[in-house]
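> I'd like to ask some things about the structure below.
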Amino acid sequence: MTRGAVRTLIVDDEPVARAGLRRMLQAFDWIDCIGEADSGPAAIAAIDARKPELVFLDVAMPGANGIEVLRRVVHVPQVVFTTAYAEHAVTAFELGALDYLLKPFGEERLAATLERVRAAFGEPAAGAGERLADALARGPITRIFVRSGRAIVPVTADAIVRIEAVGDYAAVHAGGTPHLVHVALARLEERLDPARFARIHRSHLVNLDCVAAFVRQTDGQVVARLRDGTVLPVSRARAQALRVLAS
């Protein structure tokens with residue numbers, strides 16, 4: 001351990017994963033592994049008791065997932081998420097994580113992450129607690145992070161035409177391309193500007209700037225005709241709400 005090494009905690013419910021990460025971290029003398037935790041509750045207790053500066057945090061764990069851990073700790077460290085599921089990367093960046101590691105990862109990928117970690121600790125920036133508070137706040141968001149091939153890219157709210165519920169996911173339609181994100185449609189509705197985005201159906205949220213017209217058909221059903229030619233159903237309750245919005 002070098003003077004000024006970063007106090008680091010490893011959190012993962014798989015012993016093999018913890019051991020492998022600890023072994024790889026030994027190559028970096030500026031990282032000081034101060035302990036491990038194997039569940040959500042154990043992670044919360046260890047983080048608040050030992051106050052690490054950096055946590056490698058598994059997303060899927062018994063007792064509380066990684067996101068819930070960050071909601072419940074008093075001491076909020078810098079975080080690198082580790083996960084076996086690529087869709088969690090979007091959540092990681094939304095929560096202001098320094099990086100995410102998609103399992104299984106090797107020494108080269110870890111080294112790239114640690115370069116980002118070292119830069120973060122060497123730069124004056126808002127603390128992780130502030131970034132987490134901002135991310136979990138209920139104010140309008142201005143962009144959504146989505147996967148594009150192997151990259152994570154931001155899509156500005158202005159560029160979003162509509163968002164459609166697809167099971168536990170939401171398909172964000174922007175620039176003619178749908179992007180699946182692992183976030184419920186209701187959650188996105190809460191976070192987007194209600195003056196611009198309207199829930200017109202249980203499965204559809206639209207950018208009102210992209211709506212050409214709301215049309216009542218001969219059978220009484222109201223549909224939304226978007227400027228790109230898409231036609232979406234409007235529920236009866238939402239049709240009434242839109243009348244109020246337009247008044």
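> For residue 217 and residue 203, compute 0.36 nm times the residue count separating them, minus their Cα-Cα distance, and round to one decimal in nm.
Result for the pair: 3.1 nm of gain on full extension.
> Under a point spin-label approximation (7 Å from Cα along Cα-to-Cβ), what is the residue 184-residue 112 distance to one decimal in nm?
If labels sit at residue 184 and residue 112, their model points lie 3.4 nm apart.
> How high is the FRET efficiency from residue 227 to residue 156, r the C-beta distance, R0 22 Å, rounded to 0.05?
Once rounded, the FRET efficiency stands at 0.80.
> With the crude spin-label approximation of a point 7 Å out along Cα→Cβ, what separation in nm comes out for residue 195 versus residue 14?
Going from the residue 195 label point to the residue 14 one covers 4.7 nm.
> Taking 0.36 nm per residue of sequence separation and subtracting the Cα-Cα distance, how much length would be gained by fully extending the chain between residue 241 and residue 142, in nm to one decimal?
Contour length minus the Cα-Cα distance gives 33.2 nm.
> Can you give the Kirkwood hydrodynamic radius for segment 161-245, in Å, rounded to one decimal and based on Cα pairs?
13.0 Å
> Same structure again: Of the peptides 162-168, 75-81, 212-218, 225-231, how do they stack up when ordered by the mean number of other Cβ atoms within 10 Å, highest first?
75-81, 162-168, 225-231, 212-218
> What size of dipole, in debye to the nearest 20, comes out for segment 143-246 about its Cα centre when the only charges are +1 on Lys and Arg C-beta atoms and -1 on Asp and Glu C-beta atoms?
80 debye
Computed from the coordinates by the stated procedures, all read-outs in this text should not be read as laboratory data. Only a predicted model underlies this, so the values are computations on that prediction, with no experimental measurement involved. Neighbour counts are summed over all protein chains in view; Cβ atoms, including those assigned to glycine, are modelled from backbone coordinates with ideal geometry.
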